[in-house]
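Worksheet: one structure, shown below.
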Amino acid sequence: MLLNEMIIDENNMAFIPSLGTSYQLNKTAREIIDLLKQGKTKDEIVKIITDETGANWRDVYIDVEDFFQKLKVYGLIQ
């Protein structure tokens, strides 16, 4: 999984050395990637973000699912 080699700096700029690509992340995207690197599942990530923000579970799930689809399009996860 290319996500595991992603390096993220203090400005949330992510870099994948093997591809030579970089991405600007927001705070939530960085948190999702950090949680994925820790081995958390999508449902665990949704629960963590919901608990932290107090947002509606369904809304968080939709946003996380959308982000997962983007990661798949970029070939960063399967």
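Determine the calculated [θ] at 222 nm for the chain from helices alone, applying -39500 (n - 2.57) to every DSSP H run no shorter than 4 residues and normalising by the residue count; nearest 500 deg cm²/dmol. Spell out each step's value before the answer.
Details: 3 runs with 40 residues, N = 78.
Counting only the DSSP helices, I get -16500 deg cm²/dmol.
Could you tell me which residue out of 21, 50, 73 lies farthest along the dipole of segment 2-73 toward its positive end? Charges go on the beta carbon: Lys and Arg +1, Asp and Glu -1, centred on the Cα centre.
Value: 73.
Which residues among segment 49-69 fall inside the zone where the amide N is under 19 Å from a point 7 Å beyond the Cα of residue 23, along Cα→Cβ?
Counting backbone N atoms under 19 Å from the label point, the list is 49, 60-69.
How far apart, in nanometres, would the label points at residue 13 and residue 68 be if each is projected 7 angstrom from Cα along the Cα-to-Cβ direction?
With each label point 7 Å from Cα toward Cβ, the separation is 3.1 nm.
At a threshold of 8 angstrom on Cα-Cα distance, excluding pairs fewer than six apart, so keeping six or more, what relative contact order does the chain reach in percent?
Value for the chain: 27 percent.
With Cβ to Cβ distances under 12 Å as the rule, what net charge do the other residues near residue 24 carry (K, R +1; D, E -1)?
Result for the local shell: +1.
Given the C-alpha atoms of the chain, compute the convex hull and give its volume per residue in Å³.
87
Only the coordinates and a few stated rules stand behind these numbers; no lab work does. Computed from a predicted structure; not experimentally measured. Cβ atoms come from the backbone with ideal geometry, glycine included; neighbour counts cover every protein chain shown.
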